[in-house]
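**Student:** Please find one structure pasted underneath; my questions will follow.
Where a number appears in this text, it was derived from the coordinates with a stated rule and is not lab data. None of the values given here were measured: they were computed from a predicted structure. Positions of Cβ are generated from backbone atoms using ideal geometry, with glycine treated the same way; all protein chains shown enter the neighbour counts.
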Amino acid sequence: MELLLILFAVLLVGVALSKVLKAKELIDGLKGVDEEPISNSEIKTNALGLLIFGFVFFALLIAQIVGWDKFLLPSAASVHGAEIDTLMEVTMILILSVFFITQGLLFWFGFKYYFKPGVKGFWFPHDNRLEMAWTIVPATVLILLVTYGMSTWDNIMNPKNEPDLNIEFVSEQFKWTARYAGVDQTLGEASFALYGSNAVGVATKDAMIKRIGECQLSIKGFVADSVRLEKLIEEGWNKDDKLDDVESSLKNYRANIVRLNRMLDHYAKFPAKYDAGKDDIVINNNVVKIPKGKTIKFQFRSKDVIHSAYFPHFRAQINSVPGMKTEFTFTPKETNAEFNEKAIKEGKVYLKTVRDEDKNIISQVETPGSTGFILLCNKICGASHYNMKVYIEVVEEKEYDKWIASQKTFE
Amino acid sequence: MGGAHHHETFISKYIFSMDHKIIGKQFLITAIIMAVIGMGMSILFRIQLAWPGEGFAFLNFFLGDKWAPEGVLDPNMYLALVTIHGTIIVFFVLTGGLSGTFSNLLIPYQIGARDMASGFLNMLSYWLFFVSSVIMIWSCFIETGPASGGWTVYPPLSALEKAMPGSGLGMTLWLVSMTVFIASSLIGSLNYIATVINLRTKGMTMVRLPLTIWCFFVTAILGVLSFPVLLSAALLLMFDRMLGTSFYLDSIFIGGEPLAATGGSPILYEHLFWFLGHPEVYIILLPALGLVSEVVATNSRKPIFGYRAMILSILAIAFLSFIVWGHHMFMTGMSPFLGTVFTFTTLLIAIPSAVKVFNYLATLWKGNLRLTPAMLFALGMVSLFISGGLTGIVLGDSALDINVHDTYFVVAHFHIVMGAGAIFGMFAGVYHWFPRLYGRLMIPKLGYLHFWVTFVGVYGVFMPMHFIGLAGVPRRYYSNVEFEMFQDVQFINPIITAFAIASAIGQLLFIFNFFYCIFKGRKSGQNPWKSNSLEWTAPVGRIHGNWVGPLPTVYRWPYDYSKPGYEEDYVPQNVPLKEGEHDGH
Ligand code: HEM
Ligand SMILES: [Cu+2]
Ligand SMILES: [Cu+2]
C-alpha cells in the first residue's frame with residue numbers, strides 16, 4: 001500500500017517534470033502578441049476536466065462515506081450522547097445535500113457554459129426575488145437547525161438532575177489523576193499549594209501542616225544554595241542566572257507558606273469543607289471505573305497548562321484549565337461489554353494490535369467491535385500531549401460498589 | 001507624484017521603493033518564499049504522521065541530531081514545525097502576503113489613483129513585514145527551537161519556560177516578530193482605508209467600485225479594529241513572561257514548584273486572541289473572495305450577479321465576524337449561556353456566506369466561461385468555500401462541537417475554507433494580474449497543470465481528514481497510533497501525506513512559470529482579458545503615476561460584460577454612457 005502511494009507520488013513528479021521540460025519548447029513557439037492568450041481547445045479540455053473531476057470527486061466521497069463508516073466512532077455510550085448523534089445526523093444530511101447540489105451546479109456550469117467564440121453572456125445583473133429567496137430559505141433552515149442545536153446544548157450543559165456521583169480529574173504534563181468524592185459525595189477542598197507528594201492537592205488539615213513543613217525544608221535548602229552561589233559569584237564565577245533561579249524558587253515557596261497559613265485560618269472557620277477530603281479516594285493508575293446508569297459529575301482542574309478532557313465515546317469534552325474548575329456531567333448507559341456488542345452490531349471494527357516489549361507492532365487484525373472507553377487529552381500541552389490516556393471502565397453498579405469499597409481513602 | 005522629476009537609483013527604485021506596484025511585488029515575492037518554507041515544514045511533519053517512528057535520513061539531514069535523531073522527528077520539533085507552519089501560512093502568507101500584494105497593486109489602479117495615500121507608510125509597512133518575517137524564520141534556528149504551542153500560543157503553555165523548550169527564547173522571538181508584524185499590518189491597513197476613501201477618481205462612487213476594492217477596504221477595516229487586540233494580548237503575554245506579572249497565570253505548579261504568580265486567567269488570553277482570531281479568518285478570506293469575484297465576472301463575460309447583495313454580504317460578514325469569536329472556545333468551560341449566544345451569531349454568519357455562493361453560481365449560469373488558469377482557480381476557490389463553509393455549520397453548533405472540537409475535523413474545515421480557499425484566490429489573482437504586474441502572460445499549459453495537481457492534491461489531503469476527525473483523533477498529536485482505537489484510521493495518513501507531497505511538488509510548476517515568465521513570458525498587451533476595470537486602461541509597464549496624462553474618468557460600474565446594445569462583450573468603466581443608457585445594475 002505505502003509502496004503504491006510512493007510510486008504514485010513519484011509518477012506525479014515525473015509527469016510534472018516532463019511537462020516543465022516540454023513547456024520550454026512551447027514558449028518558443030508562442031511568441032506572437034496578437035493571438036488570444038488562451039486557445040479554445042484548451043478551454044474545452046479543461047471544461048471537460050471540470051466535469052470529470054466533479055464525477056470522480058463525488059464518487060470518491062461517497063465511497064469514503066460508505067466504506068469508512070466502520071472506522072468511525074460507534075453510537076454514543078452516554079444518555080446525552082444519543083441526542084448529539086441525532087443532531088449530527090440531521091446536520092450531516094442537510095449539509096451533504098447542499099454540498100452535492102451546489103458543487104454539482106458549479107462543476108456542471110463550468111462544463112456547460114465554456115467559452116464559445118462569438119457568443120455573448122446572458123445579461124443578468126440581478127433579480128430581487130431570486131436574491132430574497134436564497135437569503136430567506138437558508139436563513140429559515142439555519143434558524144431551525146440552530147434552535148434545535150441550542151436546546152440540545154442547553155440540555156447537556158445544564159443537567160436537570162443532581163449527580164449521583166462526583167469525580168474529579170486533575171491534569172498535568174502528561175497524565176490524569178482521578179479523585180472520587182467518597183461516601184459523603186463531597187470533594188474536599190484542594191489547592192495547588194499542596195501538590196507534591198499529594199497528587200491532587202487534597203487540603204485536609206494534616207495535609208496542610210505537612211506541606212508547610214515540606215516548604216520550610218525546601219526554603220532551607222534554597223537559602224543554603226543562595227549563600228553558596230553568592231560566594232561563588234564573589235569569587236568571580238558566572239552563576240548569575242542560577243542565583244536568579246534560586247531566588248525565584250525562594251519567592252515561590254515563601255508565597256506558598258503564606259497561602260497555606262491563610263488556608264489554615266480559613267479551615268478554622270469552615271472545617272467541614274476541608275474535612276470532606278478525608279474520605280476522598282485518589283486513583284492514579286490510569287484505570288477508572290464508573291457505574292452504568294448513574295449520573296456522574298466530572299470536575300477538572302489542571303496543575304500546569306491547559307489540557308482538555310475528551311471522552312469520544314461518551315460525546316463529552318471540556319478543557320482543564322489552571323486556576324479554574326470546569327465540569328461536565330454525563331450518564332454512561334452501557335458497560336464495556338454491552339458497548340462492544342453494540343459496536344459489532346453497528347458493523348464497527350478496530351485493529352487489534354499486538355506489540356512486543358519494544359512496542360513494535362507484531363500483528364494487526366481487523367476485529368469487529370470497539371477498543372473500549374478512554375479519556376484523552378485534546379488541547380496541545382507539550383511534548384507528550386499525544387499520549388495522555390486513562391482507560392474508563394463502565395461496570396454494573398454492584399461491581400462498582402465493590403471496587404470503590406476496596407480503594408484506600410485519603411486519610 | 002506623477003510626472004515629477006526625480007532621480008531613481010536602483011535602491012530607491014527596487015528596494016526602498018514607495019511605488020505601490022513595486023511594493024506589491026515585494027510582498028508577493030516575500031510571500032512566495034514564506035509559503036515555500038511553510039509548505040516544506042508541513043511535509044516534514046506529515047511524514048512523521050504517515051510513518052510514525054520510522055527514520056528518514058533526510059529528516060536528520062535537515063534538522064540535525066538534536067531534532068531528528070536517527071531520522072525520527074522529535075516530539076518537540078514536531079510541535080514546533082506545526083506551530084511555525086501555521087503562523088507562517090496564516091499571518092505571513094495569507095494576511096501580509098495576500099493583502100499586501102493585491103491591495104497594493106490593485107487599490108490605486110482600480111480606483112484610478114496615482115499611488116497610495118502615503119508612499120512612505122506603504123514602504124514602511126513592507127519593511128516591517130520583511131523584518132518580522134526574518135525574525136520568525138530566525139527563531140527556527142536557535143538552540144531551544146522556535147515557539148511550539150500551536151499558532152494560537154495559548155498560555156500557560158506559551159508563558160512558562162518550563163512547560164516546553166519552545167516556550168523559551170523561541171516564544172520571545174515569536175512575540176517580537178508578531179508585534180512587528182502587527183505594526184506592519186496596521187500601517188498598511190490605514191493606508192488602504194485612506195486611499196480608498198480619498199483618492200477615488202472622478203465618477204468612481206462607492207457603488208462603482210469593483211468588488212475587489214470593497215473586499216480590500218473592508219478587510220483593512222477589520223484589521224484596524226482587531227489587530228490592536230492581538231497586540232495587547234501579546235504584550236500582556238510578554239509581561240507575564242518577562243516582568244513576573246500574572247495576567248494569564250493562576251494556581252500553577254510546574255517543575256515541582258507552586259508559582260507565586262496568581263490571580264490571572266488563561267481564558268482571558270483566549271478571548272483576546274479570538275477577538276482578533278475570528279475576524280482574522282475573514283481578513284484572509286475576504287481579499288480572496290474579492291479577487292475571485294473579479295476573475296469570475298471577467299471570465300464569465302457576465303456581470304457579477306447581485307452586486308449590491310454582494311456588498312451587503314461583505315458588510316454583514318465583517319460585522320458579524322466580531323461577535324462570533326466564542327465559537328473557538330465552546331469547550332473552555334465558559335458559561336453555557338454564552339455558548340448559546342455564540343452558536344446563534346455563528347450560524348447567522350453562514351447566511352451571507354450562502355448568499356455569496358448562490359450569487360457566484362448565478363454569475364456562471366449562462367455565461368461564456370473563458371476557463372483561464374485564473375478562472376479555474378477561482379472556480380476551485382468557490383468549491384472549497386462551499387466545502388469548508390458547510391463543515392463550519394457542524395462546528396458552529398456548540399452541541400456538535402463537543403465531540404469534534406480540536407479533532408482533525410477542525411483541521412480539515414479550516415484548511416479547506418481558509419488555507420486552500422485563500423491560496424486558490426491568491427493563485428487566481430496572480431495568474432490573472434500577472435500581465436498587469438509584468439506586462440507578460442504566464443504559460444497557460446503549466447497553469448492548467450498546476451491547477452489540476454493542486455486541486456486534486458488539496459481535496460486528496462483534506463477530504464479524508466474529516467473522517468479521521470470523526471473517528472475522534474485529536475489534532476496536534478505527534479503520533480496517532482499510541483491509542484489502539486486510532487489504529488484503524490492510520491492507513492489514511494500515508495494517503496494524505498502522498499497527496500501532500502505530490503501537491504507540494506506541483507507547486508514547482510507555478511514557481512517556474514512565475515519566475516520564468518517575468519523575463520521570458522509572452523508579451524500580453526494592455527488588456528489581455530478584455531476586462532472593464534481601470535487597471536487595464538493604464539499602459540503596460542511601470543510608470544510613475546500609473547497613467548500618462550490625466551486620470552481616467554469613470555462613467556459606469558465595472559461589470560458591463562455582454563451588455564445589450566454593445567458590439568463587444570465588455571465596456572470599460574471609462575467609456576461614457578450612451579444617450580439613454582442606464583448605469584449597469
Ligand atoms: C468562511 C470562512 C471561514 C474561515 C476562514 C474559517 C476559519 C476557521 C479556522 C481558522 C478555524 C480553526 C481555529 C482553531 O481551532 O485553531 C475555524 C474553526 C471554526 N470554524 Fe471556521 N471558518 C470559516 C467559516 C466558518 C463558518 C461559515 C462557520 C460556521 C457557520 C465556522 C465555524 C467554525 C467554528 C465553530 C470553529 C471552531 C471549531 C473548534 O475549534 O472546535 N467557520 N474556522
Ligand atoms: Cu494534555
Ligand atoms: Cu471563527
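**Student:** Please compute P(r) over all alpha-carbon pairs of the protein assembly as shown, binned at 10 Å starting from zero, and give each bin as a whole-number percent.
**Tutor:** Bins of 10 Å from zero give 2, 11, 19, 23, 20, 13, 7, 4, 1, 0 percent of pairs.
**Student:** From the helices alone, meaning DSSP H stretches of at least four residues, give me the mean residue ellipticity at 222 nm for chain A, per-run term -39500 (n - 2.57), in deg cm²/dmol to the nearest 500.
**Tutor:** Only helices count here, giving -17500 deg cm²/dmol.
**Student:** Cα gyration tensor of the range A:276-411, axes a ≥ b ≥ c as square roots of the eigenvalues: rounded (a/c below 1.5), prolate (a/b > b/c) or oblate?
**Tutor:** Judged from the Cα gyration tensor, the range A:276-411 comes out oblate (a/c at least 1.5, b/c at or above a/b).
**Student:** Dipole of the protein assembly as shown (Lys/Arg Cβ +1, Asp/Glu Cβ -1, origin at the Cα centre): which of B:Leu190, B:Val571, B:Ala57 lies farthest to the positive side?
**Tutor:** Positive-most Cα among the choices belongs to B:Val571.
**Student:** Follow-up question, since we're still on this one. Let's see if you can work this out: charge +1 on each Lys and Arg Cβ, -1 on each Asp and Glu Cβ, no other charges. What is the dipole magnitude of the protein assembly as shown about its Cα centre, in debye to the nearest 20?
**Tutor:** 2520
**Student:** Looking only at other chains, what is the average number of their beta-carbon atoms within 10 angstrom of each beta-carbon in A:76-89?
**Tutor:** Counting Cβ atoms of other protein chains within 10 Å of each residue's Cβ and averaging gives 2.
**Student:** Given points 7 Å out from each Cα along the Cα-Cβ axis, report the A:Lys345 to A:Arg129 separation in nanometres with one decimal.
**Tutor:** 5.2
**Student:** On a straight-distance basis, which lysines could pair with A:Lys333 in a cross-link, Cα separation under 21 angstrom, same-chain partners fewer than 8 positions away excluded?
**Tutor:** Here the lysines satisfying the reach criterion relative to A:Lys333 are A:Lys160, A:Lys289, A:Lys292, A:Lys294, A:Lys297, A:Lys342, A:Lys345, A:Lys348, A:Lys398, A:Lys402.
**Student:** Moving to a separate point now. What is the gain in length, in nm to one decimal, between B:Lys202 and B:Glu143 on full extension, counting 0.36 nm per residue of separation less the C-alpha to C-alpha distance?
**Tutor:** 15.5 nm
**Student:** Still on this model: Towards the positive end of the charge dipole of chain B, with charges on Cβ (+1 Lys, Arg; -1 Asp, Glu), say which of B:Ala374, B:Leu441, B:Phe253 has the farthest Cα.
**Tutor:** The residue sitting most towards the positive pole is B:Leu441.
**Student:** Now for a different question. Rounded to the nearest 0.05, what FRET efficiency do A:Ile233 and B:Phe319 give with R0 = 56 Å and r taken as the Cβ-Cβ distance? Could you check?
**Tutor:** Approximately 0.40, to the nearest 0.05.
**Student:** To the nearest 10 degrees, how steeply does helix B:75-87 sit against the main Cα axis of chain B, on a 0 to 90 scale?
**Tutor:** Once rounded, one gets 20 degrees.
**Student:** If you don't mind, there's one more thing I want to ask. Please list, ordered by chain and number, the residues whose modelled amide H lies under 5 Å from the amide H of A:Phe373; skip anything fewer than 5 residues away on the same chain.
**Tutor:** The list, which skips near neighbours in sequence, is A:Ile392.
**Student:** Calculated FRET efficiency, B:Glu54 and B:Ile33, Cβ-Cβ r, R0 30 Å, to nearest 0.05?
**Tutor:** Computed FRET efficiency for B:Glu54 and B:Ile33: 0.50.
**Student:** Two decimals is fine: what's Rg over Rh for the range B:494-585, C-alpha atoms, Kirkwood radius as Rh?
**Tutor:** In the range B:494-585, Rg relative to Rh is 1.19.
**Student:** Between A:Ser384 and A:Ile361, how many nm apart are label points set 7 Å from Cα along the C-beta direction?
**Tutor:** Between A:Ser384 and A:Ile361, the simple spin-label model gives 2.3 nm.
**Student:** Another one. Tell me, in nm to one decimal, what length is gained between A:Val137 and A:Lys294 on full extension, where the rule is 0.36 nm per residue of separation less the Cα-Cα distance?
**Tutor:** Result for the pair: 52.3 nm of gain on full extension.
**Student:** State the answer as a single residue: which of A:Ser226, A:Ser197, A:Asn261 lies farthest towards the positive end of the charge dipole of the range A:189-275, with beta carbon charges of +1 for Lys and Arg and -1 for Asp and Glu, about the Cα centre.
**Tutor:** Positive-most Cα among the choices belongs to A:Asn261.
**Student:** Compute the helix-to-body angle for B:266-300: its Cα long axis versus the longest principal axis of chain B, expressed 0 to 90° and rounded to tens.
**Tutor:** Here the helix axis deviates by roughly 30 degrees.
**Student:** Which far-off residues, 5 or more places away or on another chain, put their amide H under 5 Å from the one on B:Met204, with H placed in the peptide plane?
**Tutor:** Amide H to amide H, under 5 Å and 5 or more residues apart or across chains, B:Met204 pairs with B:Val554.
**Student:** Taking N as the number of residues in chain B, what value does Rg over Cα atoms divided by 2.2 N^0.38 Å take?
**Tutor:** 0.97
**Student:** Can you give the convex hull volume per residue for the Cα atoms of chain A, as a whole number of Å³?
**Tutor:** That works out to 307 Å³ per residue.
**Student:** Calculate one ³J(HN,Hα) per residue across the range B:58-71 by plugging θ = phi - 60° into the Karplus curve 6.51 cos²θ - 1.76 cosθ + 1.60, and present them in order as whole Hz with x for glycine and proline.
**Tutor:** Along the range B:58-71, the couplings run 6, 5, 4, 4, 6, 10, x, 5, 6, 9, 9, x, 6, x Hz.
**Student:** Per residue of the range A:246-252, what does 6.51 cos²θ - 1.76 cosθ + 1.60 with θ = phi - 60° give for ³J(HN,Hα)? Whole Hz please, x for Gly and Pro, Karplus curve as stated.
**Tutor:** Working through the residues one at a time gives 4, 5, 5, 4, 4, 4, 4 Hz.
**Student:** Another one. For the range A:189-275, restrict the atom set to alpha-carbon positions and state the Rg and Dmax in Å.
**Tutor:** Considering the range A:189-275 through its Cα atoms, Rg and Dmax are 16.2, 55 Å.
**Student:** To the nearest whole percent, what portion of all C-alpha pairs in the range A:170-230 is separated by more than 13 angstrom?
**Tutor:** 69
**Student:** Which whole-Hz ³J(HN,Hα) couplings does the range B:159-176 yield from phi under the Karplus relation 6.51 cos²θ - 1.76 cosθ + 1.60, θ = phi - 60°, glycine and proline marked x?
**Tutor:** Residue by residue, the range B:159-176 yields 8, 10, 4, 6, 6, 6, x, x, 8, x, 4, x, 5, 4, 5, 4, 5, 5 Hz.
**Student:** Follow-up. Using the alpha-carbon centroid of each, what span in Å lies between the range A:198-250 and the range B:376-426?
**Tutor:** 50
**Student:** Long-range amide H contacts for A:Ala190: which residues qualify at under 5 Å (H placed 1.01 Å from N, peptide plane, sequence gap of 5 or more or a different chain)?
**Tutor:** Placed amide hydrogens put A:Ala203 under 5 Å from A:Ala190.
**Student:** Set the Förster radius R0 to 41 Å, insert the Cβ-Cβ distance between A:Ser248 and B:Leu312 as r into 1/(1 + (r/R0)^6), and round the FRET efficiency to 0.05.
**Tutor:** 0.15
**Student:** Using a simple charge model, +1 on the beta-carbon of Lys and Arg, -1 on the beta-carbon of Asp and Glu, nothing else, what dipole does the range A:189-275 show about its Cα centre, in debye to the nearest 20?
**Tutor:** 480
**Student:** Same structure again: Hey, which of these cross-link pairs are over 31 Å Cα-Cα: B:Lys356/B:Lys520; A:Lys220/A:Lys303; A:Lys205/A:Lys231?
**Tutor:** In this structure, B:Lys356/B:Lys520; A:Lys205/A:Lys231 exceed 31 Å between Cα atoms.
**Student:** Rounded to the nearest 20 Debye, what is the dipole magnitude of the range B:539-579 about its Cα centre when Lys and Arg each give +1 and Asp and Glu each give -1 at the C-beta?
**Tutor:** Taking the Cα centre of the range B:539-579 as origin, the dipole is about 220 debye.
**Student:** Oh, and also: Per DSSP helix of 4 or more residues, -39500 (n - 2.57); summed, then divided by the residues of chain B. What does that give at 222 nm, rounded to the nearest 500?
**Tutor:** Roughly -20000 deg cm²/dmol at 222 nm, from the helical runs in chain B.
**Student:** Compute the label zone of A:Glu411 within the range A:249-271: residues whose backbone N is under 17 Å from the point 7 Å along Cα-to-Cβ.
**Tutor:** A:260-271
**Student:** Could you pull the Cα extents of the range B:130-173 along its three principal axes, largest to smallest, in whole Å?
**Tutor:** The principal-axis extents, from largest down, are 29, 21, 12 Å.
**Student:** Relative to 2.2 N^0.38 Å, what does the C-alpha radius of gyration of the range B:344-385 come to as a ratio? Two decimals please.
**Tutor:** 1.39
**Student:** Tell me, in nm to one decimal, what length is gained between B:Lys520 and B:Leu235 on full extension, where the rule is 0.36 nm per residue of separation less the Cα-Cα distance?
**Tutor:** 97.9 nm
**Student:** Compute the acute angle (0 to 90°) between the alpha-carbon long axis of helix B:444-470 and the principal axis of greatest extent of the alpha-carbon atoms of chain B; round to the nearest 10°.
**Tutor:** Helix B:444-470 and the main axis of chain B meet at about 40 degrees.
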